[in-house]
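What follows is a short report on a single structure.
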């Protein structure tokens, strides 16, 4: 499990147009990662 301050692992996901986007594509740029909490929770 990641801890605050850890570097994010390299990963790729499909964007809204089904084009792969990798974290490596944003190297040297500011990126905000948001992980949606499970539905119907207080998170």
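No value in this document is a laboratory result; all are computed from the given coordinates. This one's a predicted model, so the numbers in the text were calculated from it and none came from an experiment.
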Build a GNM of the chain with springs between Cα atoms under 10 Å: which of 14, 33, 23 gets the top mean-square fluctuation? 33
Given the chain reduced to its alpha-carbon atoms as identical point scatterers, what log10 I(q)/I(0) does the Debye formula return at q = 0.15, 0.20 Å⁻¹? -0.54, -0.87
